[in-house]
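A.B. asks: Below is a structure I'd like to ask you about.
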Amino acid sequence: MISPIHNWVAEQTALNNYLCPETLRSFQKEKLKELLIYACNNSPFYKKKRITSTVLSQLPFTYPSELANDPLAFLAVSQSKVARITTLANSGTTRLKKRIFFTKSDLKRTKDFFAAGMSTFSLPGDHVQILISNKTENSLGSLLKESLSKIGVNSEITGVVKTVGKAIKSVYNADILVGMPAELLYMCRTVPELNLKSVLLAGDYAPQAVIDSIKKTWKCDVFTHYGHTEFGFGCAVDCKHHNGLHLRHPDLLFEIIDPITNNPASPGEVGEIVITTLSNEAMPLIRYRTGNLSCILNKPCDCGCSLPRLGKIKGRIENNIFIDGGKSINITQLDEIVFKYPNLRGYNALLKHEKKGYTLHLTIDSKGKIDERFLLMNLPVGLKLELEYRCADPFIQREKRRIRME
């Protein structure tokens, strides 16, 4: 069965049976022209840019630090029309926080995309337990709950849980779980007896080792979602063939660029994801640098969708730490190595720079010891390793599992 996202794109673009890569490009080209007029007339930030070209590759980039520095400069509507404001810690070098604005129409488009995406693996009468966000109006959790009700699916928001026990207690009657990768891995290795239909891993990156482990332990299908608050939460989701993420084409225009040269990457070449909003009313964004790494897949999906898709997320540029001899290490690499151990439930990493080189200190939450030799074989040559065994509960850490420097 073709991905429900494909049918949703056909409906939203009004291309219907004429939808194909060529007609989609024409649609997005016209939407881009409209977006540039709207942003330059209504957003103080883009008014100052004096944009004259309508060629995507010639447009200026927008950086997270610029959004954090002056969020109100991006606002393209009066504050009375803002239905939701989300504040995010900036992932860049500045300590300023990003504030993201949404109108009711922006939120409605998010719910429509969620409904299409969730229908990929949920049916009327299913029960979905939402282990993210909270229950407040227009929160991510409440938007997801509303979108599920539109397709006849029951759901409950556990929200951000702070203890493993509370999280486990809330999911025993669920058919489908929505949560963060490390947290759901922790749960599957704590309560392997859960009987689930499927799991949706939220966020911007899901290690393949986590996906494989959840599939094997809970004997269910695992779907991945790529999202950013800056773009209305939902960006892309995979289908039952797990052959790339189907994109939110009517609302978002995706590019992959070489993060060093800033030139467009070739199809299939890994680079930085850059996104332009085509429909956002409150806060239009032009060529926004996400810092995430992936590629564009142009080969048709096994489900029958011929539209471009997003390849597997490869992590973030900023997570790459260079050490001696031109070698590097990053949290994505560590995730794929460490999470292969079936008894491991979570970990935290600290990279210590010492006189004689670098030492990687791992705090491990595991039911037993793990093989240090295997770890060292897969880590950069010359890197020393220290292991400490204690609780690394992800429900407390909240997925802040990045390599810290000391």
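Just so it is clear, none of the values below were taken in a lab; they were calculated from the coordinates. Everything numeric in this text was worked out from a predicted model, so none of it was measured. When we count neighbours, we look across all protein chains shown, and the Cβ atoms used for this are built from the backbone with ideal geometry, even at glycine.
A.B. asks: Arrange the peptides 244-251, 73-80, 184-191 so that the one whose residues have, on average, the most other Cβ atoms within 10 Å appears first. Don't skip to the answer; put the middle values down first.
C.D. replies: Numbers: 244-251: 25.0, 73-80: 15.1, 184-191: 22.2.
Result, highest mean first: 244-251, 184-191, 73-80.
A.B. asks: Separate question: Measure of size requested: the Rg and Dmax of the stretch 252-364, with Cα atoms as the atom set and Å as the unit; please supply both.
C.D. replies: Rg then Dmax for the stretch 252-364, in Å: 18.2, 56.
A.B. asks: Compare Tyr46, Tyr226, Tyr18 in a GNM of the chain, Cα atoms joined below 10 Å, and give the one with the largest fluctuation.
C.D. replies: Tyr18
A.B. asks: Now a separate question. So between Ile51 and Asp324, what do we pick up on full extension, going 0.36 nm a residue minus the alpha carbon distance? Write down the numbers at each step before the final one.
C.D. replies: Working: separation 273, 0.36 × 273 = 98.28 nm, distance 4.32 nm.
This chain segment gains 94.0 nm when fully extended.
A.B. asks: Something else now. Among Lys352, Lys197, Lys145, determine the one that fluctuates most according to a GNM of the chain built with springs between C-alpha atoms less than 10 Å apart.
C.D. replies: Lys352
A.B. asks: Based on other C-beta atoms within 10 Å, arrange Arg99, Arg25, Arg289, Arg373 from fewest to most.
C.D. replies: Values: Arg99 17, Arg25 13, Arg289 21, Arg373 9.
By the 10 Å Cβ count, ascending: Arg373, Arg25, Arg99, Arg289.
A.B. asks: Just subtract the alpha-carbon distance of Tyr18 and Asp302 from 0.36 nm times their residue separation and send over the number in nm, one decimal.
C.D. replies: Values: separation 284, 0.36 × 284 = 102.24 nm, distance 1.96 nm.
Contour length minus the Cα-Cα distance gives 100.3 nm.
A.B. asks: Let me ask something additional. Could you tell me the calculated FRET efficiency between Val191 and His127, based on Cβ-Cβ distance and R0 = 25 angstrom, to the nearest 0.05?
C.D. replies: Numbers: r = 17 Å, r/R0 = 0.67.
Efficiency, from the Cβ-Cβ distance: 0.90.
A.B. asks: Let me ask another. List, in order, the whole-Hz ³J(HN,Hα) value for each residue of the stretch 237-253 obtained from phi through the Karplus relation with A = 6.51, B = -1.76, C = 1.60 and θ = phi - 60°; use x for Gly and Pro.
C.D. replies: Result, ordered by residue: 8, 8, 10, 5, 8, 6, 10, x, 9, 7, 8, 7, 4, x, 10, 9, 10 Hz.
A.B. asks: A follow-up question, please. Using Stokes-Einstein with the Kirkwood hydrodynamic radius over Cα pairs, what translational diffusion coefficient do you get for the stretch 57-179 at 10 °C and a viscosity of 1.306 mPa s, in µm²/s rounded to a whole number?
C.D. replies: 96
A.B. asks: Tell me which DSSP H helices of the chain clear both cut-offs, 20 Å or more of axial length from alpha-carbon atoms and a mean Kyte-Doolittle hydropathy of at least -1.0.
C.D. replies: Working: long enough: 21-42 (31 Å, -0.67); 104-118 (21 Å, -0.68).
Answer set is 21-42, 104-118.
A.B. asks: Sort the following peptides by mean Cβ neighbour count (other Cβ atoms within 10 Å, averaged over residues), highest first: 327-335, 263-271. Mind dumping the intermediate values first?
C.D. replies: Working: 327-335: 18.2, 263-271: 14.7.
Put in order of decreasing packing, that is 327-335, 263-271.
A.B. asks: Next up: Highest mean first, what order results for 336-347, 50-61 on Cβ atoms within 10 Å? Walk me through the intermediate numbers first.
C.D. replies: Details: 336-347: 19.3, 50-61: 12.2.
Averaged packing, sorted descending, gives the order 336-347, 50-61.
A.B. asks: Something else about it: Just to be sure I understand the curve: with the Debye formula and one point per C-alpha of the chain, what is log10 I(q)/I(0) at q = 0.06, 0.11, 0.14 Å⁻¹?
C.D. replies: Reported log10 I(q)/I(0), two decimals: -0.24, -0.86, -1.37.
A.B. asks: Ignoring everything except DSSP H segments at least 4 long, calculate the 222 nm mean residue ellipticity for the chain; use -39,500 (n - 2.57) per segment, divide by total residues, nearest 500. Please list the in-between numbers first.
C.D. replies: Working: 12 runs with 114 residues, N = 406.
That comes out to -8000 deg cm²/dmol.
A.B. asks: How large is log10 I(q)/I(0) at q = 0.12 Å⁻¹ when the Debye formula is applied to the Cα atoms of the stretch 137-219, each weighted equally and without solvent?
C.D. replies: The Debye formula, applied to the Cα set alone, gives -0.35.
A.B. asks: Most mobile of His241, His361, His353 per a Gaussian network model of the chain (Cα springs, under 10 Å)?
C.D. replies: His353
A.B. asks: Note down the magnitude of the dipole of the chain about its Cα centre, charges +1 on Lys and Arg C-beta and -1 on Asp and Glu C-beta and zero elsewhere, to the nearest 20 debye.
C.D. replies: 720
A.B. asks: Still on this structure, I have one more. Of all DSSP beta bridges located in the chain, what percent are antiparallel, nearest 5?
C.D. replies: On the way: 39 of 63 bridges.
The answer is about 60 percent antiparallel.
A.B. asks: Could I ask something else about it? Go through the stretch 345-355 residue by residue and turn each phi into a ³J(HN,Hα) via Karplus (6.51, -1.76, 1.60, θ = phi - 60°); whole Hz please, and just put x for glycine and proline.
C.D. replies: 10, x, 7, 10, 10, 9, 9, 9, 8, 10, 4
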